[in-house]
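Asker: Take a look at the following structure, please.
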Amino acid sequence: MKRVFRILFIAICIAVMLFSGYQIYRELAVYEEGDSAYEALETYITLPETSGISTGPINPNGAAVQELETAADSVSAFPVVDFDALRQINSDVVGWLYCPDTVINYPVVQTTDDSYYLTHLFDRTTHKSGCLFLEAANEPDFSDMHSIIYGHHMKNGSMFQSLSNYKKQTYYDEHPTLLLVTPEQNYTIRLFAGYICPGDGDAWKLSFSSDAEFEQWLQTACRKSTFSSGITPTYTDHIITLSTCSYEYEDARYVVLGILEPEITE
């Protein structure tokens, strides 16, 4: 009888291992499918020859030392995006978000239903990776005083997972800016704050009753920030928030805020 139980136990263990292996394989295959879909879109974008923000040697305290150029000045070129071609795939495209030397190199879409791109890729294929999307209530040209882009925190590091790295000062020192390309305008995003907040908080507030209220909202974000930027935003700035899930508590989010600075062209 003991031998029968032993064989049965071994069979159950093998079955569990096979099932677990299949689940892992299926999960990896899903991630690969999403990554491949976005890698295919990179044919519609030409990246700048420079890789982004220059950093110097590491100082004795471990922080990256900026070279003579400021963080904003060191980003000397923007990606070139073929929006006409992208619109042939998806007319919802409103921009392209790029962070040098990170995985963030994705199109940004907008539709009237904010839940749609939580479960659909850029080509509208149903997929858990979703797509970066602009808040439905925002103007598609990012002209609002506060615009919001949402993205998933994927376990394989894709989409907006890397935003959680801004919880550390050293990561901000290495990546203080992102680039946003739109059909109308190119922008440098100068990050000034990032913090953990509840899903029902005021991080996603779009309208303010006065300039003073807006400035107070900005000051509160800076006080909560997990990194120090040395940047003081004001009510005259156009602000963009990048939002993703966080896991410190139920329904937690991590938001990173930046000032949208249009490219100066001669």
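Asker: Run the accessible area of the stretch 128-214 with a 1.4 Å probe and give the carbon-and-sulfur part as a rounded percent.
Answerer: 46 percent
Asker: Suppose R0 equals 35 Å. What FRET efficiency, 1/(1 + (r/R0)^6) with r the Cβ-Cβ distance, do T265 and A136 give to the nearest 0.05?
Answerer: About 0.70, to the nearest 0.05.
Asker: Taking K and R as +1 and D and E as -1, what net charge do the other residues with C-beta under 14 Å from the C-beta of E248 add up to?
Answerer: Net of charged neighbours comes to +1.
Asker: Moving to a separate point now. Charges at C-beta only: +1 for Lys and Arg, -1 for Asp and Glu. How large is the resulting dipole of the stretch 116-266 about its Cα centre, in Debye rounded to 20?
Answerer: For the stretch 116-266, the charge dipole is close to 720 debye.
Asker: Apply 1/(1 + (r/R0)^6) to the Cβ-Cβ distance of Y249 and D114, taking R0 = 22 Å, and write down the FRET efficiency to the nearest 0.05.
Answerer: The computed FRET efficiency comes out at 0.45.
Asker: Which lysines does K205 reach when only Cα atoms under 27 Å apart count, and residues fewer than 8 places away in its own chain are ignored?
Answerer: K128, K167, K168, K224
Asker: Heavy-atom accessible area per residue, the stretch 121-247, 1.4 Å probe: how many Å²?
Answerer: With all protein chains present, the stretch 121-247 gives 41 Å² per residue.
Asker: Next question. State, to one decimal in nm, how far the label point of K168 lies from the label point of D101, with both points 7 Å from Cα in the Cβ direction.
Answerer: 1.4 nm
Asker: Further question on the same structure: Can you check what the net charge comes to around T234, using other residues whose Cβ is under 12 Å from the Cβ of T234 (Lys, Arg +1; Asp, Glu -1)?
Answerer: -3
Asker: Same structure, new question: Report, largest value first, the span of the C-alpha coordinates of the stretch 176-266 along each principal axis, in whole Å.
Answerer: Answer, in whole Å and largest first: 48, 28, 25 Å.
Asker: Still on this model: For H238, tell me the accessible area in Å² from a 1.4 Å probe, rounded to the nearest 10.
Answerer: Answer for H238: close to 80 Å² accessible.
The values are calculated or read from the model by the stated rules, or taken from the named source; none is laboratory data. As the structure is a prediction and not an experimental result, all values here were calculated from the model. FYI the Cβ positions are ideal-geometry reconstructions off the backbone, even for glycines, and counts take in every protein chain you see. Each accessible area value is taken on the protein alone, full model and side chains, heavy atoms only, with ligands, DNA and RNA left out. Shrake-Rupley method; radii C 1.70, N 1.55, O 1.52, S 1.80 Å.
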